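Student: Here it is, the structure, as structure tokens.
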Amino acid sequence: MLKTSYCRFLYMLTLMHFCQCSYDYDRVGETYYFIGTGYSDKNIFDWFDARQSCRENDGELVSVVTPDQMLQLQNYILAGGYANGSTFGTSGHSYDSEHPFKWEALDQRLIYTKWLQGEEPPADCNLSLQLVDSELYMIRSWGYDQFYICE
């Protein structure tokens, strides 16, 4: 009897932990993603807000480390019906990195890149993703994106 009560107690604790996450993450390949609404005319929402929102929901801003991951994200975004020109916040930035850019969530420099032509990064900016003609590219930004991606 005591063993059954203990098991039920552990089950309820586990269930409560998983129910705290208010985002519904979608499985894409081997990773789970959530796309949140960021900056708009009615909502001032920056990179720090996006990072905090992901963390409060057991995630981090996305870090794109392979061409396959970029393609999976592109297909996920296209399937979601996002408009051409939409921008998406990531964990990438160049503020305190000895390399031009790093993924903050992973604390590692960028190895894979797919910059939109003419968008090679200057110092001190954020790295976002932008949908251009149904293809996803990396762009520099100031951290005010329409959307953000948690993983």
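Student: Zone of ASP41 (label point 7 Å along Cα→Cβ, backbone N under 15 Å): which residues in the range 129-151?
Tutor: No residue qualifies, since no backbone N sits under 15 Å from the label point.
Student: Using θ = phi - 60° and the Karplus curve 6.51 cos²θ - 1.76 cosθ + 1.60, what whole-Hz ³J(HN,Hα) does each residue of the range 46-62 get, with Gly and Pro shown as x?
Tutor: Per-residue couplings from phi come out as 10, 4, 5, 5, 5, 4, 5, 4, 4, 5, 5, 10, 6, x, 9, 4, 5 Hz.
Student: What does the highest-first list of 28-35, 81-88, 100-107 look like by mean Cβ count within 10 Å?
Tutor: 100-107, 28-35, 81-88
Student: May I pose another question? Provide Rg and Dmax in Å for the range 110-151, with only Cα atoms included in the calculation.
Tutor: 10.4, 28
Student: Quick one: which residues, 5+ away or cross-chain, put their amide H under 5 Å from the amide H of TRP115? H built at 1.01 Å from N.
Tutor: MET138
Student: Right, here's the next one. Over all Cα pairs of the range 18-89, how is the pair count split among 10 Å bins, expressed in % and running from 0 up to the last occupied bin?
Tutor: 17, 49, 32, 2
Student: What number does the range 77-117 give for Rg over Rh if you use C-alpha atoms and the Kirkwood radius?
Tutor: 1.06
Student: In nm, to one decimal, how far is the modelled label at LEU71 from the one at ASN57, with both set 7 Å along Cα→Cβ?
Tutor: 2.8 nm
Since every read-out is calculated from the coordinates, none of them should be taken as a lab result. Values in this document were obtained by computation on a predicted structure and should not be read as measured data. Cβ atoms come from the backbone with ideal geometry, glycine included; neighbour counts cover every protein chain shown.
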